[in-house]
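Note sheet for the following structure.
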Amino acid sequence: MEEEAEIDRLPIDLLAHILVMITSFTDLAQASGVCRKWKQGVKQALARRKTLSFAGCKMDDDSTARLVRHAYSLKELDISRSRWGCQITDNGLYKISLAKCVSNLTSISLWGMTGITDKGVVQLVCGGFCSFCNQCPLTFMHFPFLHGDLIFFSFFSSSIDNLKQITSANSLQHLNVGGTFITDESLSAIADSCPRLNSIVLWSCRHVTENGLIVLVSKCRKLESINVWGTRVPLDCFIGLLTISPALKIKP
């Protein structure tokens, strides 16, 4: 009879503690395929992760969302694009927005993600669920979606008692959406849903205007730093932003 390997004698909690140190998602996937115990260990390891970075990894919507859904303790999420990096779309952000950890995220980086638009960003920071099943998302993919206001639908019943809306990323403190094609629509959603926002990077977001920045700074009273390098906002706008928040650090 073949003797059991030493590592197979480890309790699953200790195995998960070891696996959480693995940073390669390819290695984690291979470890998950070793046996049922290791698969459970990988799940527990992901559940303990405080940070996830997909920068430089070849990830798509489904694989990224699947990993995020298992990372229940996640605080920092980085899906920035590099030369060979993520190819996340609005659909991917929609799937990520359904993860339980999103409401606890303090940092999100979407830097350089040219495949996303306002629809994806709004869904990520503003989430809604239908009380009929507690799972059906009230999103741009299924229903009309308005952030900041009550939502009315004719889905079985128009009663407001049958609907409930939640805010997804209300713990967010740091957000990087530099190099994307977002507009003032995203800034308005961020302003309404992220009261703890401390810093935001809007590097080269050329579709952002003065109006969007004013709304953001006016509502996010804890905002300390904003990077607007490469935007088309006039210099006079910065004076107005400092009038609203004198301590604000603007990186033009």
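The values are calculated or read from the model by the stated rules, or taken from the named source; none is laboratory data. Values in this document were obtained by computation on a predicted structure and should not be read as measured data. Positions of Cβ are backbone-derived with ideal geometry, glycine not excepted, and every protein chain shown enters the neighbour counts. For accessibility, only protein heavy atoms count, side chains too; no ligands or nucleic acids. Shrake-Rupley method; radii C 1.70, N 1.55, O 1.52, S 1.80 Å.
Going through LEU98, LEU67, LEU93, LEU74 one at a time, which residue ends up being in the same structural domain as LEU172 (by the TED database) and over 23 Å from THR114 (Cα atoms)?
Values: LEU98 fails: over 23 Å from THR114 (Cα atoms); LEU67 fails: over 23 Å from THR114 (Cα atoms); LEU93 fails: over 23 Å from THR114 (Cα atoms).
Criteria check complete, one pass: LEU74.
How about region 190-210: which of its residues are touching a residue at least 40 places away in the same chain (Cβ under 8 Å) and open to solvent by less than 60 Å² (accessible area, probe 1.4 Å)?
Within region 190-210, ILE190, SER193, CYS194, VAL201 qualify.
Look through region 87-128, keep the residues that are in a loop (DSSP other than H, G, I, E, B) and open to solvent by less than 20 Å² (accessible area, probe 1.4 Å), and return whichever of them is nearest to TYR72 (Cα to Cα). Walk me through it before giving the result.
Step one: filter region 87-128 for residues in a loop (DSSP other than H, G, I, E, B), giving 87-89, 98-99, 105-106, 110-117, 126.
Those still in the list that are open to solvent by less than 20 Å² (accessible area, probe 1.4 Å) too: 88, 99, 105, 110, 112-113, 116, 126.
Numbers: ILE88: 21, ALA99: 8, LEU105: 10, LEU110: 20, GLY112: 26, MET113: 24, ILE116: 24, CYS126: 19 Å.
Step by step, filter region 87-128, then rank; the result is ALA99.
Taking the condition aliphatic (A, V, I, L, M) and either open to solvent by less than 40 Å² (accessible area, probe 1.4 Å) or modelled with pLDDT of 85 or more (or both), does ALA47 pass?
yes
Suppose we filter LEU77, LEU67 for residues that are aliphatic (A, V, I, L, M) and open to solvent by 10 Å² or more (accessible area, probe 1.4 Å); which single one remains?
Only one candidate qualifies: LEU67.
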